[in-house]
Amino acid sequence: MDQARTPPDTLLIIFGANGDLSKRKLLPALYNLNAEDLLPDHWQVLGTARSEVTDDEFRELARGAITEHERCNFDDARFARFAERLRFTSTDFRPGDTQVLGDAIAGAIRDFDESPQLLFYLSTPPSTFGPITAGIGEAGLAKDARVVYEKPFGTDPDSFAELDKTVRGVLREDQAYRIDHFLGKEMVQNLLAFRFANGAFEAMWNRAHIDHVQIDVPEDLGVDNRVAFYDKTGAIRDMLVTHLFQVLSIVAMEPPVRLRSGPLTDEKFKVFDSMRRLSPDDVVVGQYEDYRDLEGVADGSDTDTFVAARVHIDNWRWDGVPFFLRTGKALAAKEQLVTLAFRRPPATMFPDVPDSGLERDHLTFDLSGGGAGFNFLAKLPGPALKLGRANMQFTYGETGSQLIGPYERLVHDALLGDRTLFTRTDGIGRTWELVEPILDLGDPHPYEPGSWGPDAATQLIAPRLWHLPEDPDRFSLTAI
Ligand code: BG6
C-alpha cells in the first residue's frame, strides 16, 4: 500500500483478452494507468484466447472498450501509442498444447532490452484456472512469474482444493494474485483509515455499541449479457462468498499490527475462522421472474440471482451482533452500502422513535460513490421537543484522480508485486467451507424484477429493516 512507484518492465499476458471482463475492466484500466504514467517504462500486452483474433482486431476491440468506458478520456493520439503495445495470439493453451503461446511469449520478450517480468492475467472462467496454470508450469514459464486469478477461485470446497493443489504445484504463494476488485475500491480501503487512523470510531466498533451490521449490494441490471457465466455461478458464488465476505472481513477484523500484506491478511483470516458456517435457516435465495426465459439459461435452472444471509461471528468483538448481507440482480436500485447500526440507548426519553435499529444513529459507507455518513437524531426546530433524522456526510467528490478505480489500483499493485489487497489461499479455502451448506439449496424464491427481492429476505432481518437510501432528502433534517 505504498506510494505510486514505477513497476519493472513487464510482459502482460492476458487470457480471455477478448472477453467481457477484459473489455469492461482490464483494457480500460491499462489505458488509464498509461494515461497516469503508472505503467512500466517498457511494457507489452499479449492477449490470448481460443477465438481467431488478429493484432488489428484486438486493437479495434480495445478501442471500442476504452471509448465506451465511463472513466476513460479517450484520445486518438494517446490510444495510437497505447495500441502499438497490444498483440494477440490465438490458441487453446493447456497442458500438452503450450507451444504456440510459448513461442509468442519468447518472441515478445525479444523486443525488450532486458528480460521483462511475466505477469499472467487469467480473465477466464474458474474452470480454466487449473489447466492454464498447469500449462504455465509445463511450458517452463512459471519461474518468477506472477499469475493473477479472477474470482471466484474455485466454485465449491472440492474444486477449490483441486485448484489450490494445482496452483501450489506450479507457483509459490507469493506468485499467486487472487483478485477481488472490491478490495481495490477506494471506500473499502478507506474503512481501514476510518477505523484505525481516528480516535473516535474504533472505541465503538464492537458488540457493546453496535446492534447489527449490513452489507448491502443490490444491483438493478439483470444478467442478459453474461448468462453463460452466471447460470453456472449464481449470486452466492459470484458475490456473497467473494466480494461481500471480503468487505465483511475488513469491517470486522482486529487492528493489524501493520498495514502490510501479511498482518492484514492474518487478521482477515481470523474473521473467516471465527465465522459460523452458514445454515440454510440463515439464508434466503431468490431468482427474478423472467430469468429462466433468457437465452442460454438451462431449463428449470435453480440458479440464485439473489441472496440474503445472516452471518454470525463468534469472537469477543462481535458475539451476538448479526451481520446481514444482501445482493441480487434486477433489483430496484444499484447500491453498495455498509451500515453499522448503533444500539438503542438504555433509558428511552424519546419513546416515539420506532425501533428498526436504523431509525436511530448509524454509520453508513457508500462503497460505490466513495462517501461516508453519520446518521443521528436531532431536535426539530420549534417549541416542542420533537426529533428528526439528521446526518453528517463526507464524499470524495472530485478529490484525487478520477481515472484510478479498483482495477487500475489492483493491476498496478500486481505489476509492483504488492499483495496487500489480494486474497490468500487459506482465507479462500475457509470461505468455501463457510458456504458449503448453502451452495445447493435449490428452490429459489421468485421475485419481481425491479423489486427489493423476495419477502422472505425482509423476514430474515426483521424486526430490523434493510437500510436503503430513501430519498434525495436523506441528508437533511427530516421528521420521523
Ligand atoms: C463482479 C460480478 O465481480 O462484480 C458482477 O461478477 C457484479 O456480477 C460486479 O455486477 C459488481 O462490480 P462493480 O464494478 O459494480 O463494483
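The values are calculated or read from the model by the stated rules, or taken from the named source; none is laboratory data. The structure displayed is predicted, hence computed values, not measured ones. Because the Cβ atoms are built from the backbone with ideal geometry, glycine has one as well, and the counts that use them run over all protein chains shown. Only protein heavy atoms, including side chains, enter the accessible area calculation; ligands, DNA and RNA are left aside. Shrake-Rupley method; radii C 1.70, N 1.55, O 1.52, S 1.80 Å.
Just a few scattered comments:
- Between amide H atoms placed 1.01 Å from N, distances below 5 Å from Ser368 occur with Gln336, all of them 5 or more places distant or on a separate chain.
- Considering only Thr339, Ala83, Ala203, and ranking their Cα positions along the charge dipole of the chain that arises from unit charges at the beta-carbon of Lys, Arg, Asp and Glu, the one farthest toward the positive end is Ala203.
- Ordering Leu46, Phe15, Ala35 by the projection of their Cα atoms onto the charge dipole of segment 1-85, which places +1 on the Cβ of Lys and Arg and -1 on the Cβ of Asp and Glu, puts Phe15 at the extreme positive end.
- Spatially proximal aspartates and glutamates relative to Lys25 (Cα-Cα < 17 Å; intrachain offsets below 8 disregarded): Glu36, Glu60, Glu68, Glu70, Glu150, Asp180, Glu186, Asp238, Glu408, Asp413
- Largest-first ordering by accessible area, 1.4 Å probe, given options Glu60, Glu68: Glu68, Glu60
- Furthest towards positive pole of dipole, Pro406, Pro256, Ser115, structure part the chain, Cβ charges: Pro256
- Modelled spin labels at Ala456 and Asp319, positioned 7 Å past Cα toward Cβ, are 3.2 nm from each other.
- The simple spin-label model puts a point 7 Å past each Cα toward its Cβ; for Glu433 and Glu68 those points are separated by 4.2 nm.
- Cα-centre dipole for segment 10-150 with unit charges at Cβ (Lys and Arg positive, Asp and Glu negative), debye to 20: 300
- Fraction of beta bridges assigned by DSSP in the chain that are antiparallel (%, nearest 5): 55
- The stretch between Ala106 and Thr420, if pulled fully straight at 0.36 nm per residue, gains 110.0 nm over its current Cα-Cα span.
- Local net charge near Gly222, Cβ-Cβ under 10 Å (Lys/Arg +1, Asp/Glu -1): -2
- Fraction of antiparallel bridges per DSSP, segment 10-166 only, in percent to nearest 5: 5
- Long-range HN-HN contacts of Arg343 with modeled amide H, under 5 Å: Ile210, Asp211
- Exposure rank, largest accessible area first [Asp224, Asp174; 1.4 Å]: Asp224, Asp174
- Residues Asp111, Asp314, sorted by accessible area with the largest first, give Asp111, Asp314 [1.4 Å probe; ligands and nucleic acids excluded].
- Nearest-ten-degree value, helix 186-196 long axis tilted from longest Cα axis of the chain: 60
- Measuring between alpha carbons in the structure, the pairs from Lys329/Lys379; Lys23/Lys334; Lys268/Lys329; Lys185/Lys379; Lys268/Lys334; Lys23/Lys329 lying more than 31 angstrom apart are Lys329/Lys379; Lys185/Lys379.
- On the chain, 49 percent of the accessible area sits on carbon and sulfur atoms, based on a 1.4 Å probe.
- Sequentially through segment 150-157, phi angles give Karplus couplings (6.51, -1.76, 1.60; θ = phi - 60°) of 5, 9, x, 8, x, 10, 6, x Hz, Gly and Pro residues having no value and appearing as x.
- Nearest-0.05 FRET efficiency for Asp224 and Thr54, computed from C-beta distance (R0 30 Å): 0.55
- Probe 1.4 Å, protein heavy atoms only - accessible area per residue of the chain in square angstrom: 44
- About its Cα centre, the dipole of the chain is roughly 1500 debye, where the only charges are +1 on Lys and Arg Cβ and -1 on Asp and Glu Cβ.
- Couplings for segment 115-132, taken from phi via the Karplus curve 6.51 cos²θ - 1.76 cosθ + 1.60 with θ = phi - 60°, read 3, x, 6, 9, 10, 8, 10, 9, 9, 9, x, x, 5, 8, 4, x, x, 5 Hz in order; Gly and Pro are left as x.
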